[in-house]
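> Next up is a structure, given as structure tokens.
Here, each number is a calculation from the coordinates, and none is a lab measurement. A quick note: this is a predicted structure, and the numbers were derived from the prediction, not measured. So basically every Cβ, Gly included, is an ideal-geometry build from the backbone, and we count neighbours across all protein chains shown.
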Amino acid sequence: MAIHLYILPIERNLAGTQRGPKYFFWRFDPDPPGIQGGWAMMDYGFLDYALLVSNLSDADHAFLLAQPDVYSFPQDLNAQISDGPVITAFFEAINIPTDWLTPSTTYLEFLRQMAGLFQFNQRYGGISNGQSLLGNGVTLDNNWNNLSQQQKQWFNQTIASFGYIFNVTGNPKLRALAKQAGDLWGAQAFYLGGIQF
């Protein structure tokens with residue numbers, strides 16, 4: 001058994017009213033059985049992907065590694081990223097920017113920036129009553145001026161709700177704003193399933 005961190009899809013129950021991690025058993029699981037055992041999840045707001053931590057057997061871990069819609073972080077988060085092309089293909093496809101990564105970026109730095117973005121999108125979803133800034137045709141390569149006035153208002157309200165000092169200037173791409181939103185978490189620690197990062 002070992003503790004692992006994954007990015008994986010979220011699935012919905014048959015009524016579409018509850019969400020849980022794909023490949024794992026959860027209370028309203030629409031397609032049991034799934035991997036049994038404890039897990040903790042941080043979702044990407046109302047986008048159907050999440051960061052998940054779980055203490056898994058080698059067999060369950062190997063099963064997840066074989067799934068094309070799952071990414072597994074290495075055990076040594078302080079290592080420099082060695083699978084840049086894999087990360088770029090996987091994370092850009094689910095609206096998580098990677099164009100800022102360099103050869104010296106560590107998995108921990110990427111994980112923290114991503115978790116900050118997840119927290120931002122969770123708050124945005126709460127303020128917008130279930131809407132997502134990204135998804136539904138809006139991608140990282142859309143510009144600020146492509147957003148509606150309502151979306152811009154929700155974005156600014158989300159910034160203000162965290163107490164951040166941040167003003168959008170010009171017409172940046174959403175990938176730049178997503179990166180900044182993730183960075184704004186600063187040095188605060190994240191806690192997920194007993195893991196601090």
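> Taking amide H positions as placed in the peptide plane 1.01 Å from N, state which residues far from E11 in sequence (5 or more) or on other chains have amide H under 5 Å from it.
HN-HN under 5 Å from E11: G20, K22.
> Now for a separate question. Within the stretch 153-197, whose backbone N sits under 19 Å from a point 7 Å along Cα→Cβ of N142?
153-159, 168-182
> Thinking of the chain as a set of Cα atoms, what percent of all their pairs are more than 31 Å apart? It would help to have the intermediate numbers written out before the result.
Values: 3486 of 19306 pairs.
Here the long-distance tail beyond 31 Å is 18 percent of all Cα pairs in the chain.
> Considering the dipole of the stretch 74-189 built from charges on the beta carbon (Lys and Arg +1, Asp and Glu -1) around the Cα centre, which of L174, T106, F90 is farthest to its positive end?
The one lying farthest along the dipole's positive direction is L174.
> Just from its helices, what would the mean residue ellipticity at 222 nm be for the chain, if runs of 4 or more DSSP H residues each count -39500 (n - 2.57) and the sum is divided by every residue, rounded to the nearest 500 deg cm²/dmol?
Numbers: 5 runs with 63 residues, N = 197.
Calculated mean residue ellipticity at 222 nm is -10000 deg cm²/dmol.
> Something else now. Working out 0.36 nm times the residue gap between S57 and S161, then minus their Cα-Cα distance, what length gain in nm do you get to one decimal? Write down the numbers at each step before the final one.
On the way: separation 104, 0.36 × 104 = 37.44 nm, distance 4.02 nm.
Stretched fully, the S57-S161 segment lengthens by 33.4 nm.
> How large is the dipole of the chain about the Cα centre if only Lys and Arg carry +1 and Asp and Glu carry -1, each at its Cβ, rounded to the nearest 20 debye? Write down the numbers at each step before the final one.
Details: 10 positive and 15 negative charges, 139 e Å.
Dipole about the Cα centre, nearest 20: 660 debye.
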